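S.K.: Once you've had a glance at the structure underneath, I'll fire off some questions.
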Amino acid sequence: MTISFDSDFTMTIGGQGVAGASSFDVLNPATEQPIAKAPDCSREQLDQAVASARKAFPGWAATPFAERQKLVTAMAGVLFANAEPLKRLLTAEQGKTLEAAGADVMGGGFWLQQTATLTLPETVNEDSETRRSITRHVPLGVVGAIAPWNFPVLLACFKLGPALLAGNTVVLKPSPFTPLTTLKVGELLRGVLPPGVLNVVSGGDALGPWMTSHPGIDKISFTGSTQTGRKVMASASDSLKRVTLELGGNDAAIVLPDVDVNKVAQELFWAAFGNSGQICIATKRMYVHKDVYEPLKTALVDYARSVKVGDGAQQGTQLGPIQNRPQYQRVVSLIQDAKDKGYSFLMGGLPDEQKGYFVPITILDNPPEDSRIVQEEQFGPVLPLLKFDDVDEAVARANASDYGLGASVWSGDAEKALAIGQRLQAGTVWINETQHLSPLAPFAGHKQSGAGAENGLEGLLEYTATQTITVKKPAAVA
Ligand code: NAD
């Protein structure tokens, strides 16, 4: 497949390509130039997408589980086979490097493939002379899947795999900042899934709220900011839609004095700065023991100076721009605040006037704990390095947050680190690594980082309703 930016990007509704009622520009964040137009879904078109999903639901829910497993696996094959053109498109609209865009697409395929190996349990509660009682898990109906712009394909696949496998039909909405690759994926999958099983719509700010309040949608699976997550939950409550929320984070890393500084410095850099910091589970606060603070600071800054920031499409680029202007402005305002308050910068600072949403790699030297850069999710290439004296203090500071998505502990002694990790209030805790997720392991945000879980059996069950069936046995009939 070749993808031309002049070609039409269409929505997928009832298995057909559908142009928007109008359209909007999608920009390349490295150049701020429009690269293509995306369809702007009208309310009537959303109604059509939901109606087609509802129409397809009984047939899809009745499709044998093994057949659904086969089709979800086939979806993975489509992503693998088209990874090359899809990654180029993704880099153009998202900004990340070609390598990272390839990992986003291939990762999406891997997620679908692995999710398709899961099965839904059936539990026998009672099998006596008088009664047989079993509990099973049935699909919910139509799932509205809402994705963010940082990992457009991978995070959509977090939802598509389990939702479809469990027997639901889906209306998927990408972020208006990165709709193109997702629209193409929808187009490619038209030949794989029965019409109406997967619908893909794109649009502006009104479309998400139309989905969360739509009476024909039974569940919302949302990945995005905590602020928007609150609105999603409020809106979904009208019709008591089920919700899964994967929200923001302010992940702490705790670095103990027994680490091999030169060994961990690079890994810690990528923990914080991968995808230009635009990862929900990026390390956003780094607590370093005072005994290794100075050497780690030097090693981190030395390595950071060697990393090339630029247009993700250019060879040699290791980090791309911030994905969109509002996010760029948020990150700049945090740097400005740190400057205004007189905090010490080890490197970086405010960006130069230039085309593209580029922010230099910025590291702050021990800013106050109550500063905005420590307390807020920066979601950009800006990291506060923070010094601690004793572990209890580091744990207390790490836990003093409304967020609870991920956390990590770094030590030469994994057992010691594990004991500390178990005290951290986060849905995922890593020891001597970060950001490793698996399609087979639940991923859940504690506190205001989410509600429910994605991935693994727990994630699959979120797309089902629990049903207990009891059968009275003839022997019990008087
Ligand atoms: P966002 O909340 O602005 O938008 C996410 C999606 O919601 C987009 O598709 C957007 O169009 C849609 N949306 C916006 N307003 C809506 C509304 N009122 N109702 C329904 N939908 C609405 O988030 P973003 O800026 O795209 O993504 C960055 C945020 O996402 C960060 O906070 C990051 O930590 C978080 N995130 C979380 C995870 C996770 O798994 N926990 C993963 C990636 C990103």
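The values are calculated or read from the model by the stated rules, or taken from the named source; none is laboratory data. Quantities reported herein were computed from a predicted structural model and do not represent experimental measurements. Every residue, glycine among them, receives a Cβ derived from its backbone with ideal geometry; neighbour counts consider all protein chains shown. Side chains included, ligands, DNA and RNA excluded: accessible areas come from the protein's heavy atoms. Shrake-Rupley method; radii C 1.70, N 1.55, O 1.52, S 1.80 Å.
S.K.: Over the chain, what percent of the accessible surface lies on carbon and sulfur atoms, probe 1.4 Å?
M.R.: Carbon with sulfur: 52 percent of the solvent-accessible area.
S.K.: Another question, then. For residue 465, what residues show an amide H to amide H distance below 5 Å, using hydrogens built from the backbone and excluding near sequence neighbours?
M.R.: 138, 140
S.K.: Of 177, 358, which has the most accessible area and how do the rest follow, probe 1.4 Å?
M.R.: Details: 177 80, 358 30 Å².
Result of the area sort, largest leading: 177, 358.
S.K.: Once you charge only the Cβ atoms, +1 for Lys and Arg and -1 for Asp and Glu, what is the size of the charge dipole of the chain about its Cα centre, to the nearest 20 debye?
M.R.: Here the size comes out at about 1340 debye.
S.K.: While we're looking at this one, here's another question. So which lysines can residue 308 reach, going by Cα to Cα under 18 Å and dropping same-chain residues fewer than 8 places off?
M.R.: Straight-line reach from residue 308, under 18 Å: 96, 355.
S.K.: Here is a further query. Quick one: net charge around residue 473, please, counting Lys, Arg +1 and Asp, Glu -1 for every other residue with C-beta under 10 Å from its C-beta.
M.R.: +1
S.K.: Using Cα pairs closer than 8 Å and at least 6 residues apart in sequence, work out the relative contact order for the chain, in percent. All intermediate terms of the calculation are to be shown ahead of the outcome.
M.R.: Details: 1122 pairs, mean separation 89.6, N = 478.
Contact order relative to length: 19 percent.
S.K.: Provide the per residue accessible area, probe 1.4 Å, for the chain, rounded to a whole number of square angstrom.
M.R.: Per-residue accessible area for the chain comes out at 40 Å².
S.K.: Another question about this same structure. Which value at 222 nm does the chain reach when only helices count, each DSSP H run of 4 or more adding -39,500 (n - 2.57), with the total divided by all residues and rounded to the nearest 500 deg cm²/dmol? The partial results should precede the final answer.
M.R.: Numbers: 15 runs with 179 residues, N = 478.
For the chain, the value works out to -11500 deg cm²/dmol.
S.K.: Work out from phi, with θ = phi - 60° and the Karplus expression 6.51 cos²θ - 1.76 cosθ + 1.60, the ³J(HN,Hα) of each residue of the range 401-408, listed in order in whole Hz, and give x for Gly and Pro.
M.R.: 8, 6, 8, x, 8, x, 6, 9
S.K.: Do the alpha carbons of any pairs in 173/284; 173/231; 231/284; 37/184; 263/297 sit beyond 18 Å of each other, and which pairs? Walk me through the numbers on the way to the answer.
M.R.: Values: 173/284 28 Å; 173/231 16 Å; 231/284 24 Å; 37/184 13 Å; 263/297 13 Å.
Where the Cα-Cα span goes over 18 Å, the pairs concerned are 173/284; 231/284.
S.K.: 5 Å is the cut-off here: which amide hydrogens, built 1.01 Å from N in the peptide plane, fall below it relative to residue 244, excluding neighbours closer than 5 in sequence?
M.R.: Distant-sequence amide H within range of residue 244: 220, 221, 222.
S.K.: Can you list residues whose amide H is under 5 Å from residue 446's amide H, if they're 5+ apart or on another chain and H is modeled 1.01 Å from N?
M.R.: Those qualifying (amide H under 5 Å, at least 5 residues apart or on another chain) are 404, 405, 427.
S.K.: Residue by residue through the range 342-356, which ³J(HN,Hα) values in whole Hz follow from phi under the Karplus form 6.51 cos²θ - 1.76 cosθ + 1.60 (θ = phi - 60°), with glycine and proline marked x?
M.R.: With the stated coefficients, the range 342-356 comes to x, 5, 8, 9, 7, 6, x, x, 5, x, 6, 5, 6, 6, x Hz.
S.K.: If I ignore ligands, DNA and RNA and count only protein heavy atoms, how much of residue 124 is accessible to a 1.4 Å probe, in Å² to the nearest 10?
M.R.: So the heavy atoms of residue 124 present about 80 Å² to solvent.
S.K.: What whole number of Å gives the distance from the Cα centroid of the range 203-281 to the Cα centroid of the range 45-124?
M.R.: 20 Å
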